[in-house]
Amino acid sequence: MEPNTKHTWRSKLHEIIYEADTPSGKFFDVVLLIAILASIVLVMIESVKSLDERFHDFLNISEWVITILFSMEYVARIVSVKKPLKYVTSFYGIIDLLSTIPKYLSLIFVGTHSLVALRALRLLRVFRILKLTRYIGASTNFIRALKTSRAKIGVFLLFVVILCIILGTVMYLVESEEGSGFSSIPRSVYWAIVTLTTVGYGDIAPATPLGQLIASLIMIMGYAIIAVPTGIVSSEMTKFSKRDVHTNTQCCSNCLAENHRDGAEFCYNCGHKLHYD
């Protein structure tokens, strides 16, 4: 009976902490999100000297309470999985650790307390709370689309670099005698990049009519150039979106893989059963 009981509470704990499809799991993530936001607000308030002097004790006690809660959560996450090292070395595991230890380090090293702002990275969990894993799936398609189209984008970027070098050299020839800031080819290439991307800092500006005409053409060209990589990636994403399947927030207790298909009984990554026996 004891092993079954052990599996039961570990399974329940895993379900609450790692999944958001159940009321208890959703409640846990909402409470965690509120605690994260509260911690960040406390750090921001503490950075204001006048407020820190006035409410220092309250801010310090509140931060310790939140830090202890996060420490308990971190331990619970380790206990509830079958391979603790897998969680500890995972992306979220590292973020959880980094967001917990700064307060403890502040007891030893001065100036490390501000590192608690790293907790902002934990807000990525909001996607699980809102059941937006389908959008995370879309972001996965976006990454795959970028990888698939990297050759096309690479060629396009090379073309843009060559174009900026040519345009910068032309502007140097046209404007170098007017004292308008085009003092060298590298500086002129910098201006071409700023203008082509439609940023336009204004620190360098053409003074001659011909230079202004070229600048106007570059500005118009910039709008068309910005749209090209967007079209390339969008085309690839359309191909992947046709193969999309619905996923849920189930997390494998063995390898921590997420985004399993609805109704899946086994992990797509390691083949382990998604629930404790």
Here is a list of conditions, (1) under 31 Å from the mean Cα position of the chain (by Cα); (2) of a type in the set (Ser, Thr, Tyr); (3) at pLDDT 90 or above, and TYR135 meets all of them except one; can you say which number that is? (3)
What residue, among those in segment 81-100 that are surrounded by fewer than 17 Cβ atoms within 10 Å (Cβ to Cβ) and hydrophobic (A, V, I, L, M, F, W, C), is farthest from VAL43 (Cα to Cα)? LEU85
Residues located in segment 143-177, provided they are surrounded by fewer than 15 Cβ atoms within 10 Å (Cβ to Cβ) and more than 17 Å from ILE225 (Cβ to Cβ): ILE143, ARG144, LYS147, ARG150, ALA151, THR169, LEU173, GLU177
In segment 60-80, what residues are buried (at least 17 other Cβ atoms within 10 Å of the Cβ) and farther than 30 Å from TRP9 by Cβ? SER62, GLU63
Among the candidates VAL189, VAL194, VAL174, which residue alone is farther than 30 Å from SER234 by Cα, assigned by TED's automatic domain parsing to the domain that holds PRO229 and out of contact with any Asp or Glu (no Cβ under 8 Å at 6 or more places or on another chain)? VAL174
Return the pair list, or none, for Cβ contacts closer than 7 Å from residues in segment 80-103 that are on the phi > 0 side of the Ramachandran plot to residues that are surrounded by fewer than 21 Cβ atoms within 10 Å (Cβ to Cβ), at least 6 apart or on different chains. none
Unmet requirement for SER180, which otherwise passes all of (1) of a type outside the set (A, V, I, L, M, F, W, C); (2) surrounded by fewer than 14 Cβ atoms within 10 Å (Cβ to Cβ); (3) in a loop (DSSP other than H, G, I, E, B): (2)
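Sort out which residues of segment 29-59 are of a type outside the set (A, V, I, L, M) and either in contact (Cβ under 8 Å) with a residue 12 or more places away in the chain or surrounded by 11 or more Cβ atoms within 10 Å (Cβ to Cβ) (or both), and write them in order of number.
Matches in segment 29-59: ASP29, SER39, GLU46, SER47, ASP52, ARG54, PHE55, HIS56, PHE58.
The values are calculated or read from the model by the stated rules, or taken from the named source; none is laboratory data. Keep in mind the model is a prediction, meaning the values are calculated, not measured. Heads up, the Cβs are rebuilt from the backbone with ideal geometry, glycines too, and the neighbour counts pull from every protein chain shown.
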